[in-house]
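The values are calculated or read from the model by the stated rules, or taken from the named source; none is laboratory data. For clarity, every value in this text was computed on a predicted model and none was experimentally measured. A quick note on method: Cβ atoms are made from the backbone with ideal geometry, for glycine too, and the neighbour counts reach across all protein chains shown.
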Amino acid sequence: MWGTVHGTRYTLYDVLAGPIYLIIEGIATVPLIGLVQGLSIRAPLSIAMFTVLWTLCTLLTAFVNDYWAVALLRFLFGIFAGPLRSLKIAYLAHIFPTEVHTIVFGISEYGHPLGFGVSFLFVNVTNTLGWRWCYIICGAAGLFLALASCFMANPKGPRPHDKINSVASSWKQQRSSLRQIPWACVMCVILSNTACASAILVGSYNTTIYLAEYFPEFDVSVIGLITIVAGFIGSVFGGWMGDRLRKISGIRARIGLCIVLQIFGFVLVTLIYQTPLTALVILFSINLFGHYWFSVVLISILSDLTPLDCKTGVFAIAYFFTHSIAGTVNLAVTPISSITSLRTAITVLGATLVGVSALILVIPIGCSLVPGTKPKHETNRNEDKDEEVNERTPLRMSYDEKENGQI
């Protein structure tokens, strides 16, 4: 059950809690989304249903004693948590206008750094009340959120009187929409996001181990507070800036911003785990800010490249890649650590993945795979008469088609 790598002990649960859970989450996403759409289940009901299921898995974990029971519940947690991000993004894209999609996605995605940060703070709960109370608190909060999900509005389409529920469109509508997607550009965005997510997960799953080995006197709850604050600024500020950039530019410029953010991220990841404690904390904060800014902008780009009718399915494919590959990559940390050191393993893997993420985004710009834009003055909507960009993206086209009654 135990193994040692450069003085650090690993358990089977370390692997089960991270990589295996993520791989299961990725694999389960696409078929469960297909089931939801095949049964035409409303988005709020789907979100509430899966929230109840993963919450029960979390809550039940607090009351089991055997490893096999913990393992089973963790697998089930991965299965039921899989479809939630795809359903969430598609739901928000239907409810809110495109002009504010990035900041809305940013607020939504803030749940990830918030949860990651709180997990560090739960160390104090574990030390005081025991580890079971962590699962009880999270499970109780999840049940409350599941209940609240039942009261969410049901999206009907881009117009208030549109009776088409685009979250659960027919196969005919989805097949027509799938042909509008610039798949070469979309796959570059998905793979870049996958590489970036893999890099951040390599760091997040090994930060506690790294600090325990190299800085045992450091209070890890500080990392939790930093993650909560830096994640909030990166998600919300990044979302606001992304919407501003959408207004005055286009997808090409936003991809360019993502490349610049990844170049800075490459430098930061290269330095973080090679510096003294104070520098590590500062660089870690800046890197988290840049990562979540990059993440929300890239999600918004993928949303713009995807028509309304098949948005849930495309995001399910995206998170299949993200979770499956990210969960697998993290397994490489231990063997590399056994050859070199934990510090070197995290640095090499993290920097390589961030560099790959940036290089992949160069492809759609260099090969002219990004949908074109056409500047247009919209003086009736903007008193300052700023130049806006009227992009003919698949998302915008699907709105226009519904407005004209073509679907």
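Listed values, structure above:
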item	result
Residue in segment 290-325 that is nearest to Phe237 (Cα to Cα), counting only those that are of a type in the set (A, V, I, L, M, F, W, C) and in contact with a Phe, Trp or Tyr (Cβ under 8 Å, 6 or more places away or on another chain)	Trp293
Selection status of Arg254, farther than 24 Å from Pro276 by Cα, of a type outside the set (Asp, Glu) and without any contact (Cβ under 8 Å) to a residue 40 or more places away in the chain	no
Condition met for Val104 (of a type outside the set (S, T, N, Q), assigned to a helix (DSSP H, G or I), at pLDDT below 90 and touching a helix residue (DSSP H, G or I) at 6+ places or on another chain (Cβ under 7 Å))	no
Subset tally (residues that are under 21 Å from Glu109 (Cα atoms), hydrophobic (A, V, I, L, M, F, W, C) and either surrounded by 16 or more Cβ atoms within 10 Å (Cβ to Cβ) or without any contact (Cβ under 8 Å) to a residue 60 or more places away in the chain (or both)) for segment 218-228	3
Residues within segment 85-103 that are crowded, with 22+ Cβ neighbours inside 10 Å and either of a type in the set (Phe, Trp, Tyr) or closer than 19 Å to Ser46 by Cβ (or both), tallied	7
Residue check for Lys156: more than 28 Å from Met241 (Cβ to Cβ), basic (Lys, Arg), surrounded by 14 or more Cβ atoms within 10 Å (Cβ to Cβ) and modelled with pLDDT under 85	yes
Test set (1) surrounded by fewer than 23 Cβ atoms within 10 Å (Cβ to Cβ); (2) closer than 29 Å to Ile103 by Cβ; (3) of a type in the set (A, V, I, L, M); (4) modelled with pLDDT of 90 or more - Ala279 fails condition number	(2)
Residue within segment 37-53 that is in contact with a Leu (Cβ under 6 Å, 6 or more places away or on another chain), surrounded by 17 or more Cβ atoms within 10 Å (Cβ to Cβ) and closer than 24 Å to Gly130 by Cα present	no
In segment 289-314, the residues that are outside any helix (DSSP H, G or I) and either modelled with pLDDT of 95 or more or of a type in the set (A, V, I, L, M) (or both)	Leu305
Hits in segment 325-343 - residues which are assigned to a helix (DSSP H, G or I), free of Cβ contacts under 8 Å to residues at least 40 places away in the same chain and surrounded by fewer than 15 Cβ atoms within 10 Å (Cβ to Cβ)	Pro335, Ile339
Any hit, segment 265-288, residues being in contact with a Cys (Cβ under 6 Å, 6 or more places away or on another chain), touching a residue at least 12 places away in the same chain (Cβ under 8 Å) and part of a helix (DSSP H, G or I)	no
Some residue of segment 26-40 being at pLDDT below 55 and polar (S, T, N, Q)	no
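Here is a yes/no grid of residues against (1) among the aromatic types (Phe, Trp, Tyr); (2) touching a residue at least 60 places away in the same chain (Cβ under 8 Å):
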| site | (1), (2) |
| --- | --- |
| Ala28 | no, no |
| Val52 | no, yes |
| Ile79 | no, no |
| Tyr91 | yes, yes |
| Ile95 | no, yes |
| Thr102 | no, yes |
